[in-house]
Each structure stands twice: as C-alpha cells, then as structure tokens.
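Notes for the one structure printed next.
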Amino acid sequence: MKSLPLIYLCRHGQTDWNASARLQGQSDIPLNRQGVAQAQRNGRYLANVLKSECAAFDFVSSPMRRAADTMRGIRREMGLESEAFRTDERLKEIHFGDWQGYTVPELHQRFPTEAARREADKWNFLPPGTGAETYAGLAERIAPVFRGLDRPSIVVAHGGVTRAFLNVFAGLSPVEASHLDIPQDRILRVRDGRIDWV
C-alpha cells in the first residue's frame, strides 16, 4: 500500500435499495434524500481538509448514477465544477446476476441451498445469471485502477469495490473483507501506507 498515493475513497450515498437492504449490484438506482446529504457531508469534509490543495487531485468515479451523483455533490461542496471528473468502468459495483433486487432473507426463502453456499464462502460465490461476478473477480477488476493512480486522488465507488480494495491493498482476509460494513457518510483515507476512516 505504500506505493499508492494519497487516496480518499468514498462509497456513494444511500439509495432506497440500500435502505431496504436489497442487493443492488449493477442496478442503476439513484440516491435518495439521505444519500444526497451524505455526499454533501463528505464534500464538506474534503473541502475543510484539502482547501486549496484540491486542484492537485485526480477525481475519478464509477460511472453508475449513484456514484457519479455522489461525486457531483462532493465537488459542489468543494466549490468545484460538478462535472469535471472522469469515470472508470472498472469501478462499477459487483454484479449479482439474477439476485439483484433481492434481500438476503428473500434469497434464503427462495433459494435456500444457493444462499447457504453464499454464506459459507461469500468471497468466491458466483450468483446465477448473466454478468454475475465473485468478490474475487471484482478484486482483480478494480486493482489496476488503484495501481494506476499517479497523484493524490478522490475516488467514488461502491461498498463491494471498497471491500475488494481492502482485501488487495490492506491485507484483509476474504472473510473479513466480504462481511465488512462500509459506511456511506465517512471516507476511507489511504495515506503513507495506512488507512483510516474520516
């Protein structure tokens, strides 16, 4: 992790599917009112911490609506032009295949055998359906994005992306990473080979 530049990694703000604990994956669900407020909170934090330094930062987001709108909210709070950031397809959330839109209890009710297999090995479980991914595959997808950052960066992505980042770059085990709760109103700061939530 010492090879990485300073990174502020933000999860997108809350959506209605987050609020109802639905597997969101690559379903393009918009921010709800709380999600907009969370993006604003994170933008105010960064504005207060970075001040004039923010001009030196790279701003990169998942292209998914909830992430890009979070980035827009962050940039507005920082006094920056809301659209002046780049997106990277590799930062999209993990794809849950046919299970997108379900809650975990619904999966246990409808697909008990498969849901139990997921619980036993969440990191390597591949849901049914076109486009579905494992967390292990997600980690392989996102790692080059972060290795390619060559200056201080503000990145907006997803809970799964953050879990994968922590596995690849911070040494969290697959079990730890796949079960970690990722807040939407705080930011993961990567600095000098250390990580903390701010």
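The values are calculated or read from the model by the stated rules, or taken from the named source; none is laboratory data. In this text the structure is predicted, and so the values were computed from the model without any measurement. When we count neighbours, we look across all protein chains shown, and the Cβ atoms used for this are built from the backbone with ideal geometry, even at glycine.
Which of the residues spanning region 36-52 are in contact (Cβ under 8 Å) with a residue 60 or more places away in the chain and not hydrophobic (A, V, I, L, M, F, W, C)?
Passing the criteria: Gln38, Arg41, Asn42, Tyr45.
Mind listing whichever residues of region 78-89 are of a type outside the set (A, V, I, L, M) and surrounded by fewer than 19 Cβ atoms within 10 Å (Cβ to Cβ)? Spell out the reasoning first.
If we filter region 78-89 for residues that are of a type outside the set (A, V, I, L, M), which is where we start, we get 79, 81-83, 85-89.
Gly79, Glu81, Ser82, Glu83, Arg86, Thr87, Asp88, Glu89 - these are the residues of region 78-89 that are of a type outside the set (A, V, I, L, M) and surrounded by fewer than 19 Cβ atoms within 10 Å (Cβ to Cβ).
Filter region 157-179 down to residues that are more than 15 Å from the chain's Cα centre (by Cα) and in a helix (DSSP H, G or I) and give me whichever is surrounded by the fewest Cβ atoms within 10 Å (Cβ to Cβ).
So in region 157-179, the residues more than 15 Å from the chain's Cα centre (by Cα) come out as 170-176.
Now drop any that are not in a helix (DSSP H, G or I), which leaves 170, 174-176.
Values: Ala170: 15, Pro174: 18, Val175: 12, Glu176: 14.
Here the answer is Val175.
Could you tell me whether Glu114 is more than 30 Å from Lys51 (Cβ to Cβ) and part of a loop (DSSP other than H, G, I, E, B)? Write out each step before concluding.
On the way: more than 30 Å from Lys51 (Cβ to Cβ): yes; part of a loop (DSSP other than H, G, I, E, B): no.
Here the answer is no, as Glu114 does not meet what is asked.
So which residues in region 13-35 are touching a residue at least 24 places away in the same chain (Cβ under 8 Å), touching a helix residue (DSSP H, G or I) at 6+ places or on another chain (Cβ under 6 Å) and buried (at least 17 other Cβ atoms within 10 Å of the Cβ), if there are any at all?
At the first step, the residues of region 13-35 found to be touching a residue at least 24 places away in the same chain (Cβ under 8 Å) are 13-15, 17-18, 20-31, 35.
Imposing the further condition that a residue be touching a helix residue (DSSP H, G or I) at 6+ places or on another chain (Cβ under 6 Å) reduces the set to 13-15, 23-24, 28-31.
Once the filter is applied, which keeps residues that are touching a residue at least 24 places away in the same chain (Cβ under 8 Å), touching a helix residue (DSSP H, G or I) at 6+ places or on another chain (Cβ under 6 Å) and buried (at least 17 other Cβ atoms within 10 Å of the Cβ), region 13-35 yields Gly13, Gln14, Thr15, Leu23, Gln24, Ile29, Leu31.
Specify which of the listed residues (Ile182, Ile154) is assigned to a strand (DSSP E or B) and in contact with a strand residue (DSSP E or B) (Cβ under 7 Å, 6 or more places away or on another chain). I'd like the intermediate steps shown before the answer.
Working: Ile182 fails: assigned to a strand (DSSP E or B).
On inspection, the qualifying residue turns out to be Ile154.
Where the second residue is small (Gly, Ala, Ser) and modelled with pLDDT of 95 or more and the first is over 12 Å from Val161 (Cβ atoms) and buried (at least 17 other Cβ atoms within 10 Å of the Cβ) and lies in region 132-144, which pairs have Cβ atoms under 6 Å and are six or more apart or on separate chains?
Once the first residue is over 12 Å from Val161 (Cβ atoms) and buried (at least 17 other Cβ atoms within 10 Å of the Cβ) and sits in region 132-144, its partners that are small (Gly, Ala, Ser) and modelled with pLDDT of 95 or more give Ala132/Gly97.
Can you tell me which residue in region 40-87 is nearest to Val156 (Cα to Cα), limited to those that are of a type in the set (Asp, Glu) and in contact with a strand residue (DSSP E or B) (Cβ under 6 Å, 6 or more places away or on another chain)? Walk me through it before giving the result.
Initial filter on region 40-87 (of a type in the set (Asp, Glu)): 53, 58, 69, 77, 81, 83.
Still in the list and also in contact with a strand residue (DSSP E or B) (Cβ under 6 Å, 6 or more places away or on another chain): 58, 69.
Working: Asp58: 11, Asp69: 10 Å.
Ranking the candidates gives Asp69 first.
Please specify each residue of region 59-106 satisfying the condition of being free of Cβ contacts under 8 Å to residues at least 40 places away in the same chain and of a type in the set (A, V, I, L, M).
Within region 59-106, Met78, Leu80, Ala84 meet the criteria.
Please work out if Ser52 is among the hydroxyl-bearing types (Ser, Thr, Tyr) and at pLDDT below 95.
Numbers: among the hydroxyl-bearing types (Ser, Thr, Tyr): yes; at pLDDT below 95: yes.
Yes; evaluated as a whole, the condition is true for this residue.
Return the total of residues in region 45-56 being within 13 Å of Gly79 (Cβ to Cβ) and surrounded by 14 or more Cβ atoms within 10 Å (Cβ to Cβ).
4
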